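First the structure, in the form of structure tokens, and then the observations on it.
The values are calculated or read from the model by the stated rules, or taken from the named source; none is laboratory data. These figures come from a predicted structure and were not determined experimentally. Glycine also receives a Cβ, built like all others from the backbone with ideal geometry; neighbour counts cover every protein chain displayed. Please note that ligands, DNA and RNA were not included when accessible areas were found on the heavy atoms of the full protein model with its side chains. Shrake-Rupley method; radii C 1.70, N 1.55, O 1.52, S 1.80 Å.
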Amino acid sequence: MINYYEELSGEEQRQVTESIQALCRQTFILERRYDRKTRRYQINREYYQCSKHLEFVKAYFAIMDIQVMENSQIGVIYIRGEQVVGEKLPKLATLYILILKLIYDEQMSAVSTSVNAVTSLGEIHEKLGTYRILKKQPSTTDIRRAIALLKRYQIIEPLDILEEMNGQSRLVIYPTIHVVLMGDDVRALIETYEEGEEEDDEPEV
């Protein structure tokens, strides 16, 4: 493994380092990301850098008992394993992930030519209300914090400026949502939240 790295050019060594750092920081590397300026999906060079040196990157993370996975069908490279400890998500961000997965699955079942989906903040909150898993309207600060966190982990990409977000604000749902949760897991978690909300609503004796 060391020989492989030492035989690389300086530029290629930099690429390997960037790939490892990106996976440690983000968990996911997307093949294509939405660029708000051009309003188009752009190729992410980090993905191809990582894919080019994937065997070395896998060997590097294997030392820490972490798997590096590539799903070329949806264009995602990601890490997984018991040693991968992500940031503890606030409840609102967790609920958003559940609903985003449901919306993503619905859109993918209707359109087979794309791996990305688009929704709105209003649609997310409407579904949260439908499933009765959000007792009260979250504050603007909590909404922005949750959206910013999911953006950092490349689960979504806001199409509007965070400071100006409202019910009509649109969000790209990246295929990483497919890796984060499976459909059956989402429904089981939603049922758990629904049961919890029902218990919370019971009057005190």
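Just a few scattered comments:
- Residues in region 148-164 that a label on residue 140 would reach, taking backbone N under 15 Å of a point 7 Å out along Cα→Cβ: 161-164
- Largest to smallest accessible area among 36, 132 [probe 1.4 Å]: 132, 36
- For residue 156, the residues whose modelled amide H falls within less than 5 Å of its own, excluding neighbours fewer than 5 places apart on the same chain, are 151, 174.
- With the helix formula -39500 (n - 2.57) applied to DSSP H stretches of n ≥ 4, the chain reaches a computed 222 nm mean residue ellipticity of -16000 deg cm²/dmol.
- Inter-site label distance for residue 17 and residue 35 at 7 Å from Cα along Cβ, in nm: 2.6
- Near the amide H of residue 118, within less than 5 Å, lie the amide hydrogens of 173, all on another chain or at least 5 residues away, with H placed in the peptide plane.
- Straight-distance candidates among the lysines for linking to residue 135, with alpha-carbon spacing under 22 Å and chain neighbours fewer than 8 residues away dropped: 88, 91, 101, 127.
- Heavy-atom accessible area order for 150, 89, largest first, 1.4 Å probe: 89, 150
- Longest exposed-site-free window of the chain, the sites being GluC sites (Glu not before Pro) in a DSSP loop that have at most 14 other C-beta atoms within 10 Å: 88-203
- Measuring only protein heavy atoms, the 1.4 Å probe finds residue 61 accessible over about 0 Å².
- Ordered by 1.4 Å accessible area with all protein chains kept, 136, 151 run largest first as 136, 151.
- The GNM of the chain, with springs linking C-alpha atoms under 10 angstrom apart, assigns the highest mean-square fluctuation among 41, 78, 96 to 41.
- Centroid-to-centroid separation of region 102-181 and region 38-91 [C-alpha atoms, Å]: 22
- Ignoring lysines fewer than eight residues from residue 37 along the same chain, the ones with Cα atoms less than 19 angstrom from its Cα are 151.
- Exposure of residue 65 as accessible area (Å², to 10), given a probe of 1.4 Å and all protein chains: 110
- Rolling a 1.4 Å probe over the protein heavy atoms of the chain, with every protein chain left in place, gives an accessible area that is 48 percent carbon and sulfur.
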